[in-house]
Amino acid sequence: MRVMRHPQVKPYVDLPRMSELAEGMVRDSLNALVRGDQELAQSVLRRDDQVDRLRDQLFRELLTYMMENSSVVFSAFELILVAKNLERIGDHATNIAEDVIYFVAGRDVRHPALDRR
């Protein structure tokens with residue numbers, strides 16, 4: 001709601017994409033848990049990198065806008081916070097997916113060096 005009160009800093013392209021990815025990751029990690037589906041859990045792990053890249057890209061763009069025009073600092077910062085929280089949602093989904101892989105296959109994919117198989 002706070003973001004919508006301010007002039008748009010840039011077209012809202014990245015945030016909806018991040019939101020779709022994070023939502024899909026949560027849905028798929030929970031489905032993987034219920035079904036014991038290691039492949040679905042693995043697909044969640046791959047999408048985490050996409051969400052991270054979108055967050056980093058958005059951060060760089062918004063930082064540039066803030067440096068060029070101080071009047072957009074507040075609204076750009078609000079967008080950065082939204083992106084950070086969407087990325088954290090993706091991280092939580094990733095944690096669930098990692099646990100699914102551990103439960104199903106006995107592999108700790110968080111620490112590949114410890115995987116002795």
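The values are calculated or read from the model by the stated rules, or taken from the named source; none is laboratory data. Nothing here was measured: the structure is a model prediction, and the numbers come from that model. Methodologically, a virtual Cβ is constructed for each residue, glycine included, from the backbone with ideal geometry; neighbour enumeration extends over all protein chains shown.
From the list Ala32, Ala105, Ala93, Ala76, exactly one residue is within 20 Å of Val9 (Cα to Cα) and of a type outside the set (Phe, Trp, Tyr). Which is it?
Result: Ala76 is the single residue among Ala32, Ala105, Ala93, Ala76 that is within 20 Å of Val9 (Cα to Cα) and of a type outside the set (Phe, Trp, Tyr).
Collect the residues in segment 78-90 that are touching a residue at least 12 places away in the same chain (Cβ under 8 Å) and either exposed (fewer than 14 other Cβ atoms within 10 Å of the Cβ) or of a type in the set (S, T, N, Q) (or both), keeping them in residue-number order.
Once the filter is applied, which keeps residues that are touching a residue at least 12 places away in the same chain (Cβ under 8 Å) and either exposed (fewer than 14 other Cβ atoms within 10 Å of the Cβ) or of a type in the set (S, T, N, Q) (or both), segment 78-90 yields only Lys84.
Check segment 44-53 and report whether any residue there is more than 12 Å from the chain's Cα centre (by Cα), crowded, with 17+ Cβ neighbours inside 10 Å and either among the aromatic types (Phe, Trp, Tyr) or over 14 Å from Asp14 (Cα atoms) (or both).
No, segment 44-53 has no match at all.
Looking at Arg60, Arg55, which one is in a helix (DSSP H, G or I), in contact with a helix residue (DSSP H, G or I) (Cβ under 7 Å, 6 or more places away or on another chain), of a type outside the set (A, V, I, L, M, F, W, C) and within 16 Å of Lys84 (Cα to Cα)?
From the options Arg60, Arg55, the qualifying one is Arg55.
Scan (1) polar (S, T, N, Q); (2) under 27 Å from Val109 (Cβ atoms); (3) free of Cβ contacts under 8 Å to residues at least 12 places away in the same chain for the single condition Thr64 breaks and write down its number.
Answer for Thr64: the failing condition is (2).
Output the qualifying pairs, or none if there are none: Cβ atoms under 6 angstrom, residues six or more apart or on different chains, first residue in segment 96-115 and surrounded by 12 or more Cβ atoms within 10 Å (Cβ to Cβ) and among the charged types (D, E, K, R), second residue at pLDDT 90 or above and assigned to a helix (DSSP H, G or I).
Correct list of pairs: Arg107/Ile101; Asp108/Tyr102; Arg110/Glu98.
Could you please find all residues in segment 58-117 being of a type in the set (Asp, Glu), closer than 24 Å to Arg35 by Cα and touching an Asp or Glu at 6+ places or on another chain (Cβ under 9 Å)?
Across segment 58-117, the qualifying residues are Asp91, Glu98, Asp108, Asp115.
Could you list, in sequence order, the residues of segment 54-77 that are of a type in the set (D, E, K, R) and either crowded, with 17+ Cβ neighbours inside 10 Å or more than 12 Å from the chain's Cα centre (by Cα) (or both)?
The answer is Arg55, Arg60, Glu61, Glu68.
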